[in-house]
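One structure is given below, encoded as structure tokens.
The values are calculated or read from the model by the stated rules, or taken from the named source; none is laboratory data. Just so it is clear, the model here is predicted, and its values are computed rather than measured. Here the Cβ positions follow ideal geometry from the backbone for every residue, glycine too, while neighbour counts run over all protein chains shown.
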Amino acid sequence: MKKVFTLLCLLSIVLVFTIGLKAQSGNSVINPYLQVVLLDAASTDMIDVYATFKDQYSFDDLKQQTSFLPKKERQQEVVRILRSFASEKQQAVRGFLENARQENLVSKIDILWAANTIVFSAVPEVIYYLAENYNEIAEIRFDPVFDGSLLTDPTEDVQTYYPPNPSDNPPPPQQGLILINAPAVWAAGDSGQGVLVGNLDDGCDWDHPDLIHNIYNNLGEDADNDGHTLEWNGSAWVFDPGDINGIDNDGNGYVDDFIGWDFQSGDNNVYNSSSSHGTSTSGIVCGDGTNGTQTGVAPRAKILPLRPNGEAQYWLAQQYAVAMGVDIITSSLSYKWYFSPQPNYPMFRQINDFELAAGVVHTNSTSNDGNNTGIPFNISAPGNTPTAWIHPDQTLVGGVSSVIGVGNVVATTDIIASSSPWGPSTWEDLQINHPSYPYPMPLAYQDYPYETLPGSIGLIKPDVSAPGNGTTSTVNGTGYGSFSGTSGATPHVGGTAALLLSANPNLTPADVSMILQTTGVEKGDPGKDNRYGAGRIDAYQAYLLAVAMIPVELESFTAAANENSVTLNWSTATEKNNSGFSVERKTPLDEKWIEVGFVPGFGTTTERKSYTFTDANLSMASYSYRLKQIDFDGTVEYSSEVFAEVGVPKNFTLLQNYPNPFNPSTTIEFSIPQISNVSIQVYNVIGELVASLVNQSLDAGYHHFNFDAGSLPSGTYVYQLKASGQNGTFVETNKMLLMK
Ligand SMILES: [Ca+2]
Ligand SMILES: [Ca+2]
Ligand SMILES: [Ca+2]
Ligand SMILES: [Ca+2]
């Protein structure tokens, strides 16, 4: 390895010269923007870059390979497939970079397996060497870190601070929650329980009293196995001392990532003393009002705080959140057209497509630039990416992706803020009209043209709007502050998505996007317009539609025979309008299914419900069962079949007659394990024979005979079974009561 770098150093001057020529000829895998950066860089400068490989896993294949899986399994399978694909393709380059790190020529390496890319910081000669010697790399690009205030989207730089426990201002809950009708959803029983939201922002004061109970604990790093990674030590909330071990226990590439990750600093503490922005977006998603003001839309949702800065860090944070199992990603960070370099739109969209494949909903801010940048570039990335459900007003239809881009209405007036960015956005070959744009647009992403197709509508954005200006949220410390911008609006939508998923966990990103776009309050120009999107969200109307979409989902259905009865057990994960289940049975000899019972359902519920049904007094045979689930409106749906075998009895048995007491007839049942001569005789209490029911040879099995006592007076009777087979004679007597 030393040899490699000695050689590398010797060659570096030649390489720089070669690459310099290549930069001019434009043939290098080094992106033109990075070429300029490198020419200006000192030989010891660590340059933040990412290298994308030529081989990319087809997302169509990925969808096909995983679409049959239940939602959360699908998410993990998507992660597994892309991770192992990248691991195979990147082997050689990873080895080279690891060696270079030993030589202090590389300072960090992160694997962006979601896009078969490696994110790293390296001195220029390492970048040149990679470009020249590793044919599997498609392109190496610059990934600058930005001033955090450029990325965040509040309209006010300084938040007005409200002390904890304010007596009158602001009133609990904060204005934005009232405008979108969040309290009506809580009253209906859903407030985000069971939903995990990844928040990509500039930090989070995770021990704020309103957040601490909703901060995600990564149990993969729970080294002392006590069920938490955050702990109260008597005076403060701290990372569990029993878990701090400097080891990446869950093998996700991040050491002691107890609650999230700070990609900007490369450590596990996302607290940022210089900004409350991420504390405020977290508070709007799930602040629980502990200190006096209810700020969160989904006060029982959990939040996974992540702190990226550069674009590649943002993608790494998205990937991290998906791999950790989030249901929703929300971010009030955005990358504007006027940044240098301009945002890598195609890569943002590729990572958003990955989120969609994994079934994760993404809500994002869209800048506060009004029409300052100019249409079609006011809407920043990744809020400019297509959403998962195409609104009918989007008459030029292209592809779908994961992102719901959010506009900002003033909470007190319900009118769009002048700073909320004007759509539409565009997806086309940007280099035609903007030759210096550094990234070629893949054909598949040239599906919402604006500038290259005169008269076309581009991609209508934002998708929805929500209260931003005039809202209140948690700030660093223990109190609250005013909040604003599409930064404030976006977590209202992310929190609402959490309410929908707590009510109906099976909703797809397309379902959530459809629900939010079709249940909002219509505003501005008719239909989905480029200021309000498809309307200002209404959490309660959205919730009602989400509940209406809950299917009756059978989780398990089993049958087990015990002697001559069969017990069926089944459970449902969710139910909607479920009147109940008709239990149907069939033997191989039967022509058709017969109903053997009905079990009432629970109507509509998202809680797991368990059912049991026993089909008794069966003869020896193989039985099939199925459930006919019946809705209140009469719609039926059949389950798959289950099977049970009622076999030869083990013992002679005389069962209690049924019904008992009886009038005037009852059934007497018994089992014989072998062919036998059988008699059943009925006596009155003074021992007189009153009836002889059976006197014949019977096969092994379960038998039952009817006894009609129509001609007898009320009273106690005795029935006796005598069965003689090759193993001897069995005699048993039972009592029964006739009540006329
Ligand atoms: Ca622990
Ligand atoms: Ca870890
Ligand atoms: Ca650890
Ligand atoms: Ca409208």
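How many residues are within 9 Å of ligand 2 (Cβ to nearest atom) and either among the β-branched types (V, I, T) or without any contact (Cβ under 8 Å) to a residue 12 or more places away in the chain (or both) if we restrict to region 252-274?
Count: 1.
Tell me, which strands (runs of 3 or more DSSP E) lie completely within region 193-256 with 3 or more residues that are in contact with a Leu (Cβ under 8 Å, 6 or more places away or on another chain) and at pLDDT 95 or above?
On the way: elements: 196-200, 230-232, 237-239.
In region 193-256, 196-200, 237-239 are the strands (runs of 3 or more DSSP E) which contain 3 or more residues that are in contact with a Leu (Cβ under 8 Å, 6 or more places away or on another chain) and at pLDDT 95 or above.
Restricting attention to region 219-239, report how many residues are away from ligand 2 (no atom under 14 Å from the Cβ) and under 15 Å from W206 (Cα atoms).
7
Among the residues of region 521-570, what is the count of those that are touching a helix residue (DSSP H, G or I) at 6+ places or on another chain (Cβ under 8 Å), surrounded by fewer than 23 Cβ atoms within 10 Å (Cβ to Cβ) and part of a strand (DSSP E or B)?
Of the residues in that region, 0 qualify.
Listed here are the residues, each with its yes/no results for (1) surrounded by 13 or more Cβ atoms within 10 Å (Cβ to Cβ); (2) of a type outside the set (V, I, T); (3) in the same structural domain as F707 (by TED's automatic domain parsing).
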| position | (1), (2), (3) |
| --- | --- |
| R585 | yes, yes, no |
| F598 | yes, yes, no |
| F602 | yes, yes, no |
| S622 | yes, yes, no |
| Y625 | yes, yes, no |
| D633 | no, yes, no |
| V642 | yes, no, no |
| T667 | yes, no, yes |
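Of the conditions (1) surrounded by 24 or more Cβ atoms within 10 Å (Cβ to Cβ); (2) without any contact (Cβ under 8 Å) to a residue 12 or more places away in the chain, N364 clears all except one; give me its number.
(2)
With the requirement that a residue be of a type in the set (D, E, K, R) and either in a strand (DSSP E or B) or more than 41 Å from the chain's Cα centre (by Cα) (or both), what does region 40-55 give you?
D40, D48, listed by residue number.
Take the residues of region 214-238 that are farther than 19 Å from T474 by Cβ and touching a Pro at 6+ places or on another chain (Cβ under 8 Å): which is nearest to ligand 4 (Cβ to nearest atom)?
Looking at residues that are farther than 19 Å from T474 by Cβ and touching a Pro at 6+ places or on another chain (Cβ under 8 Å), I get E231.
Are any of the residues in region 180-191 more than 16 Å from ligand 1 (Cβ to nearest atom), of a type in the set (G, A, S) and touching a Leu at 6+ places or on another chain (Cβ under 8 Å)? Reasoning before the result, please.
Initially, region 180-191 is screened for residues more than 16 Å from ligand 1 (Cβ to nearest atom), giving 180-191.
After this cut, where a residue has to be of a type in the set (G, A, S) as well, the list is 182, 184, 187-189, 191.
Adding the requirement that they be touching a Leu at 6+ places or on another chain (Cβ under 8 Å) leaves 182, 191.
So far as region 180-191 goes, yes, one or more of its residues are more than 16 Å from ligand 1 (Cβ to nearest atom), of a type in the set (G, A, S) and touching a Leu at 6+ places or on another chain (Cβ under 8 Å).
I'd like to verify a number: residues in region 485-520 that are more than 13 Å from D463 (Cα to Cα), in contact with a Phe, Trp or Tyr (Cβ under 7 Å, 6 or more places away or on another chain) and either surrounded by fewer than 24 Cβ atoms within 10 Å (Cβ to Cβ) or at pLDDT below 95 (or both), how many?
Count: 1.
Wholly within region 450-496, which strands (runs of 3 or more DSSP E) include no fewer than the required count, namely at least 1 residues that are in contact with a Gly (Cβ under 6 Å, 6 or more places away or on another chain) and farther than 24 Å from R349 by Cβ?
Hits in region 450-496: 464-467, 471-474.
If I filter region 248-262 for residues that are more than 15 Å from ligand 3 (Cβ to nearest atom) and crowded, with 16+ Cβ neighbours inside 10 Å, do I get at least one hit?
yes
Return yes when V410 is of a type outside the set (S, T, N, Q) and within 29 Å of the chain's Cα centre (by Cα) and no when it is not.
no
What number goes with the only condition from (1) crowded, with 19+ Cβ neighbours inside 10 Å; (2) at pLDDT 95 or above; (3) assigned to a strand (DSSP E or B); (4) out of contact with any Gly (no Cβ under 9 Å at 6 or more places or on another chain) that A573 does not pass?
Unmet condition: (2).
Could you list, in sequence order, all residues of region 265-282 that are under 20 Å from H208 (Cβ atoms) and either of a type in the set (G, A, S) or surrounded by fewer than 21 Cβ atoms within 10 Å (Cβ to Cβ) (or both)? Walk me through it before giving the result.
Here is the first cut: in region 265-282, the residues under 20 Å from H208 (Cβ atoms) are 265, 267-282.
Result: S265, D267, N268, N269, Y271, S273, S274, S275, S276, G278, S280, S282.
Which one is nearest to the chain's Cα centre (by Cα) among residues in region 691-731 that are in a loop (DSSP other than H, G, I, E, B) and surrounded by 11 or more Cβ atoms within 10 Å (Cβ to Cβ)?
Applying the first criterion (in a loop (DSSP other than H, G, I, E, B)) to region 691-731 yields 699-700, 709-714, 726-727.
The next check asks that each one be surrounded by 11 or more Cβ atoms within 10 Å (Cβ to Cβ); those that pass are 699-700, 709, 712, 714.
Numbers: D699: 58, A700: 55, A709: 64, L712: 69, S714: 66 Å.
Restricting to residues being in a loop (DSSP other than H, G, I, E, B) and surrounded by 11 or more Cβ atoms within 10 Å (Cβ to Cβ), the top hit is A700.
Regarding region 646-654, can at least one residue be identified that is surrounded by 17 or more Cβ atoms within 10 Å (Cβ to Cβ), part of a strand (DSSP E or B), within 47 Å of the chain's Cα centre (by Cα) and not polar (S, T, N, Q)?
Yes.
Among the residues of region 230-247 satisfying the criterion of being more than 7 Å from ligand 3 (Cβ to nearest atom) and among the polar types (S, T, N, Q), which is nearest to the chain's Cα centre (by Cα)?
N233
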